[in-house]
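Note sheet for the following structure.
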Amino acid sequence: MAHKARKRFGQNFLQDQYYQFQIADSLQLQQPDHWVEIGPGQGAITDHIAGQCDLLELIELDRDLVAMLEKRYYGNDSIKIYSQDALSVDFCALVKTNPVRLVGNLPYNISTPLIFHFLKQRECIQDAHFLLQKEVVDRMVAVPGEKAYGKLSVMIQQAFQVLSLFDIPPEAFHPAPKVQSSFVRLTPHLSPIVDVDDQAVFADLVKMAFVQKRKTLHNNLKTIISDDALKSIDINPSCRAETLTLEQFAAISNLLGKQ
Ligand code: SAM
């Protein structure tokens, strides 16, 4: 029986073969690679990776789809299927020798929490290719001063080089989502692009700085840093977080660590 798409699992299946091939082409598949796919669904992307790598691990929450995938890839020893919530997966525990390559047409309802979950495990990730709402990718690539620049931009850009590869229209999916989608490649920086002494302090700072986007640094950060301390590193307390560069966030975070 055909599978009925479930909204609660963010199911929008990529049906258009042109875009399936375009995704497969951009993955730069190589035999020894170890891939992990988030939300394989009915195998739209999976089919293109299966047989092109040493190991492909599939993480799918919907048990009906897991049963379908088990049938579809029965006898293929290079594929392992996990019936699990990707938010609870320890990707570092999956690593054999080299970091894993992640791919997924992510369920849009939980794409941002998933991205933050991957961020915490970045050292175990070789690269990641995600299909996301265009609006989320716009936030990932935004630069200071742009409307879309915020917590996601800063956190992602500190960890990864972000490349928006191409857009996909709603009609390519079934059911069609209400919004445009974009396919993005994230590659961890080989060496840090800014020096951050303590990643946890940096993450807390970025969260607080953007807690009320329209408010000044003075307002959002007054409980953790004084105006004079900000001025001592040439940062104006009356500006907003949306104007700060990665270097400036790193400078505040490193000063906080020393306090
Ligand atoms: N990859 C397929 C495609 O491109 O057609 C399906 C993509 S669909 C947008 C998202 C997939 O993620 C669905 O198969 C859904 O069941 C699965 N999913 C939803 N929440 C999940 C979670 N927390 N962990 C793992 N998979 C999840």
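Restricting Pro237, Pro169, Pro144, Pro175 to residues that are more than 24 Å from His129 (Cβ to Cβ), at pLDDT 95 or above and in the same structural domain as Tyr108 (by TED's automatic domain parsing) narrows the list to Pro144.
Of the candidates Ser83, Ser111, Ser78, the single residue that is of a type in the set (Ser, Thr, Tyr) and within 30 Å of Ala209 (Cα to Cα) is Ser111.
Tell me, please, whether a residue that is at pLDDT below 95 and either touching a His at 6+ places or on another chain (Cβ under 9 Å) or polar (S, T, N, Q) (or both) can be found in the stretch 30-49. Checked the stretch 30-49: at least one residue is at pLDDT below 95 and either touching a His at 6+ places or on another chain (Cβ under 9 Å) or polar (S, T, N, Q) (or both). Looking at the stretch 111-123, is at least one residue among the charged types (D, E, K, R), away from the ligand (no atom under 13 Å from the Cβ) and over 13 Å from the mean Cα position of the chain (by Cα)? Yes: the stretch 111-123 contains one or more residues that are among the charged types (D, E, K, R), away from the ligand (no atom under 13 Å from the Cβ) and over 13 Å from the mean Cα position of the chain (by Cα). Counting only residues that are farther than 13 Å from Ala86 by Cα and outside any helix (DSSP H, G or I), the stretch 118-130 holds 7 of them. Of all the criteria given as (1) within 15 Å of the ligand (Cβ to nearest atom); (2) over 27 Å from Gln30 (Cβ atoms), the one not satisfied by Leu131 is (2). Among the residues making up the stretch 1-32, those that are surrounded by 19 or more Cβ atoms within 10 Å (Cβ to Cβ) and closer than 17 Å to Ala128 by Cα are Ile23, Leu27.
Of all residue pairs spaced 6 or more apart or on separate chains, those with beta-carbon atoms under 6 Å, a first member in the stretch 20-36 that is touching a residue at least 12 places away in the same chain (Cβ under 8 Å) and assigned by TED's automatic domain parsing to the domain that holds Lys96 and a second member that is of a type in the set (Gly, Ala, Ser) and surrounded by 15 or more Cβ atoms within 10 Å (Cβ to Cβ) are Gln20/Ala44.
Determine whether Lys207 is without any contact (Cβ under 8 Å) to a residue 40 or more places away in the chain and of a type outside the set (S, T, N, Q). Spelling it out, it is not the case that Lys207 is without any contact (Cβ under 8 Å) to a residue 40 or more places away in the chain and of a type outside the set (S, T, N, Q).
The residue that is nearest to Leu246 (Cα to Cα), among those in the stretch 139-148 that are surrounded by fewer than 19 Cβ atoms within 10 Å (Cβ to Cβ) and not β-branched (Val, Ile, Thr), is Pro144. Residues of the stretch 1-54 that are within 7 Å of the ligand (Cβ to nearest atom), aromatic (Phe, Trp, Tyr) and closer than 14 Å to Val103 by Cβ: none at all. The stretch 148-254 holds helices (runs of 4 or more DSSP H) entirely within its bounds, and those carrying 2 or more residues that are touching a Pro at 6+ places or on another chain (Cβ under 7 Å) and not β-branched (Val, Ile, Thr) map to 217-221, 227-232. Condition test on Ala50, is it of a type in the set (Gly, Ala, Ser) and in the same structural domain as Ile168 (by TED's automatic domain parsing)? It is true that Ala50 is of a type in the set (Gly, Ala, Ser) and in the same structural domain as Ile168 (by TED's automatic domain parsing).
The values are calculated or read from the model by the stated rules, or taken from the named source; none is laboratory data. In this text the structure is predicted, and so the values were computed from the model without any measurement. Note that each Cβ is placed from the backbone with ideal geometry, even for glycine, and that neighbours are counted across all protein chains shown.
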